[in-house]
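Data block below; observations after.
The values are calculated or read from the model by the stated rules, or taken from the named source; none is laboratory data. This one's a predicted model, so the numbers in the text were calculated from it and none came from an experiment. Cβ placement follows ideal geometry from the backbone for every residue including glycine, while neighbour counts extend to all protein chains displayed. Areas reflect the complete protein model, heavy atoms only, side chains present, ligands, DNA and RNA absent. Shrake-Rupley method; radii C 1.70, N 1.55, O 1.52, S 1.80 Å.
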Amino acid sequence: MSTQALPTTATVAVIGAGAMGAGIAQVAAQAGHAVQLLDLKPGAAAQAIAGIQKTFTRLAEKGRMTAQAASEAGARVSLAATAAELSGAALVVEAVVEKLDVKQQLFAELEGIVSDDCILATNTSSISITAIGAALRRPQRLLGMHFFNPAPLMALVEVVSGLATEAAVAQAVHDTALDWGKSPVFTKSSPGFIVNRCARPYYAEALRLLSEQAADPATLDAVMREAGGFRMGPFELMDLIGHDVNFAVTRSVFEAHFGDPRFTPSLIQQELVNAGYFGRKSGRGFYDHAAGALAPAPTTEAPATLANGLALWTGEALGQALAKRLTAAGVPFTAHDVRHNDARVLRVGETLVHLTDGRSATQRAADNSHEATVLADLTLDPLTARGIALARADHCSEAAFKAAVAVFQAAGLSVARLDDVPGLAVMRTVAMLANEAADAVSQGVCDAAAADTAMCKGVNYPIGPLAWADAIGLPQVLAVLDHLAKAYGEDRYRASLLLRRRVAARRPFHD
Ligand code: NAI
């Protein structure tokens, strides 16, 4: 299909010269458009333009663009003093305050100024596109063009259609974003769109684990980074985003879903907000960010002594990776190259280690009538993971737990001990991330490819949650969720219909 992108000769107007508006103006100017920037606050647009021009100069100094391209791009951004000056724009992107009535009023005013084929886009993160459009004479040309902060660096653009948005308009904005070097995805107006909805479990499960005293924030953050492969742990990430903002987004998604327990906000985070502990910006959140404050170290297990008689089950990815890592380390073992029906990973002495299936270790020890039961958490790639989380059954002795710890340490992994919470940390989080993405797909919010692209490009996940679930194996992911639902007795952990259907059909999310 030929591109529907706006030609670079088309003028782009950006309204709101704050963090987002300035970033969007920079992107459009760099792509070759003449850009008009308008802000209500006197001096704000001029200041933003000076900032954009300085950025272009810096990019030229670093060799990322030529000096001529930098000065031309800078010269393409101009100031508009009033909305009336935007009559020649082919695309208007609004990035003003997050208030429905302000946005409705602004677009209604614009309708009287711009031509009928001018596309009207809003950068809103949380307001219904359909609701904004309801105030317009021609809502079919209004849509969401949702950039991520900072707009020049983050590749994702969610192209959000409201009930009235014309498909051709969404296609034009999608193709234009592509021309701007972005990774656009189609989605429809629904609470949180893709990213702000599907990322909720990353924070929610971490807060839940903390409230259940699974481990401290530094330890859980380290597990999510070193075992899960996430760029930032959930607690450090919430401290960066700001608890006021993160809590408000969670609340708005929760309320917009009419109180669906899946999105229930955390009392721990509410207390941080009540205290004014917003994170980095206020100097304190989960961590102390005061100048000179030392970051707390994660708690890992002290070196343990490896016992003789190690057996590995290499039918599981974890067992297979351990076999390779232990061979490289010169550690002897016997290998069973079969998949054990209870996801057994290894046996050392009396100790049995299984991959978590969402039951607690204590439950599994009881189910199997085997006291020395230890569970291993998921790792993104067990061959390269730097760490792993383990939990032991209440029945399991400390010595039997240490025997398991020693094996993972011998394979070069640092071991974090979690209290015996069902699903541990990475497995439970990834299962819930995939579950949310599956629900978004089953409700037509986006397709599976868009869900994965959105999470990789919008929040830097190491792999899309649906592709990750495919790699784990959907029956395992479903088992984790069903066990969590049983253990907690809460609707929060209900499995997505689409996940259950794919398991029954023996089909992955990505065929
Ligand atoms: P900001 O507060 O930095 O900037 C907003 C700007 O809009 C201010 O300069 C203000 O003077 C101006 N403004 C307010 N009302 C106006 C009006 N009626 N006409 C013209 N200018 C007006 O806000 P920020 O962070 O840039 O966000 C803007 C929009 O982008 C919001 O809708 C927000 O939800 C959305 N967004 C924000 C993200 C973020 O991480 N900050 C990410 C993605 C979307």
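Quick one: would you say Val415 is in contact with a Phe, Trp or Tyr (Cβ under 7 Å, 6 or more places away or on another chain) and not charged (D, E, K, R)? Here the answer is yes, as Val415 does meet what is asked.
Pairs needed: first member in region 476-487, open to solvent by 10 Å² or more (accessible area, probe 1.4 Å); second member anywhere, of a type in the set (A, V, I, L, M, F, W, C) and part of a helix (DSSP H, G or I); C-beta distance under 7 Å; at least 6 residues apart or different chains. So the pair list comes out as Leu478/Leu499; Leu478/Val503. Here Met455 meets the list (1) crowded, with 24+ Cβ neighbours inside 10 Å; (2) without any contact (Cβ under 8 Å) to a residue 12 or more places away in the chain almost entirely, failing just condition (2). No other residue among Ala73, Ala5 is closer than 26 Å to Leu178 by Cβ, of a type outside the set (S, T, N, Q) and not assigned by TED's automatic domain parsing to the domain that holds Leu120 apart from Ala5. Entry remark, region 28-70: residues being in a helix (DSSP H, G or I) and either surrounded by fewer than 23 Cβ atoms within 10 Å (Cβ to Cβ) or away from the ligand (no atom under 13 Å from the Cβ) (or both) number 23 in total. Counting the residues of region 458-474 that are in contact with a Leu (Cβ under 8 Å, 6 or more places away or on another chain) and surrounded by fewer than 22 Cβ atoms within 10 Å (Cβ to Cβ) gives 3.
Can you pull out every residue in region 1-17 that is open to solvent by 40 Å² or more (accessible area, probe 1.4 Å) and over 19 Å from His174 (Cβ atoms)? Residue satisfying the conditions is Thr9 alone.
So which of Ala438, Ala404, Ala389, Ala450 is more than 26 Å from Ser211 (Cα to Cα), of a type in the set (A, V, I, L, M) and in the same structural domain as Asp357 (by TED's automatic domain parsing)? It is Ala404. Here the condition is being open to solvent by 30 Å² or more (accessible area, probe 1.4 Å), among the aliphatic types (A, V, I, L, M) and under 22 Å from Pro191 (Cα atoms); of Val273, Val253, Val249, it holds for Val249 alone. If you go through region 6-21 and keep only what is among the β-branched types (Val, Ile, Thr) and near the ligand (Cβ under 6 Å from one of its atoms), you end up with just Ile15.
Mind checking whether some residue in region 350-371 is in contact with a Gly (Cβ under 8 Å, 6 or more places away or on another chain) and within 26 Å of Tyr488 (Cα to Cα)? Among the residues of region 350-371, at least one is in contact with a Gly (Cβ under 8 Å, 6 or more places away or on another chain) and within 26 Å of Tyr488 (Cα to Cα), which makes the answer yes. If you go through region 188-208 one residue at a time, do you hit one that is assigned to a helix (DSSP H, G or I) and among the small types (Gly, Ala, Ser)? The answer is yes, given that some residue of region 188-208 is assigned to a helix (DSSP H, G or I) and among the small types (Gly, Ala, Ser). What number of residues within region 321-342 are open to solvent by less than 20 Å² (accessible area, probe 1.4 Å) and touching a residue at least 60 places away in the same chain (Cβ under 8 Å)? Adding up the residues that qualify gives 3.
Taking each residue of region 62-91 that is closer than 13 Å to Gln36 by Cβ and looking for partners that are of a type outside the set (A, V, I, L, M, F, W, C) and assigned to a helix (DSSP H, G or I) with beta-carbon atoms closer than 6 Å, six or more apart or interchain, yields Ala83/Glu109.
Of the residues that make up region 185-202, is at least one touching a residue at least 40 places away in the same chain (Cβ under 8 Å), of a type outside the set (Asp, Glu), buried (at least 22 other Cβ atoms within 10 Å of the Cβ) and touching a His at 6+ places or on another chain (Cβ under 7 Å)? Checked against the condition, which is being touching a residue at least 40 places away in the same chain (Cβ under 8 Å), of a type outside the set (Asp, Glu), buried (at least 22 other Cβ atoms within 10 Å of the Cβ) and touching a His at 6+ places or on another chain (Cβ under 7 Å), region 185-202 yields at least one hit. For region 240-255, indicate whether the set of residues that are modelled with pLDDT under 95 and in contact with a His (Cβ under 8 Å, 6 or more places away or on another chain) is non-empty. No: region 240-255 contains no residue that is modelled with pLDDT under 95 and in contact with a His (Cβ under 8 Å, 6 or more places away or on another chain).
If you check Ala302 against the conditions, is it among the hydrophobic types (A, V, I, L, M, F, W, C), surrounded by fewer than 20 Cβ atoms within 10 Å (Cβ to Cβ) and more than 29 Å from Pro217 (Cα to Cα)? No; evaluated as a whole, the condition is false for this residue. Would you say Leu499 is in contact (Cβ under 8 Å) with a residue 12 or more places away in the chain, open to solvent by less than 10 Å² (accessible area, probe 1.4 Å), under 25 Å from Leu390 (Cα atoms) and not in a loop (DSSP other than H, G, I, E, B)? Against the criterion (in contact (Cβ under 8 Å) with a residue 12 or more places away in the chain, open to solvent by less than 10 Å² (accessible area, probe 1.4 Å), under 25 Å from Leu390 (Cα atoms) and not in a loop (DSSP other than H, G, I, E, B)), Leu499 does not qualify.
Within region 356-381, the set of residues being open to solvent by 20 Å² or more (accessible area, probe 1.4 Å), of a type outside the set (Lys, Arg) and under 28 Å from the mean Cα position of the chain (by Cα) comprises Ser360, Leu380, Asp381.
Matching residues to (1) farther than 20 Å from Val157 by Cα; (2) more than 33 Å from the chain's Cα centre (by Cα); (3) within 8 Å of the ligand (Cβ to nearest atom):
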| position | (1), (2), (3) |
| --- | --- |
| Glu85 | yes, yes, no |
| Val93 | no, no, no |
| Val96 | no, no, yes |
| Leu100 | yes, no, no |
| Leu106 | yes, no, yes |
| Glu109 | yes, yes, no |
| Ser115 | yes, yes, no |
| Ser128 | no, no, no |
| Gln140 | no, no, no |
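The residue that is surrounded by the fewest Cβ atoms within 10 Å (Cβ to Cβ), counting only those in region 214-246 that are β-branched (Val, Ile, Thr) and free of Cβ contacts under 8 Å to residues at least 40 places away in the same chain, is Val245.
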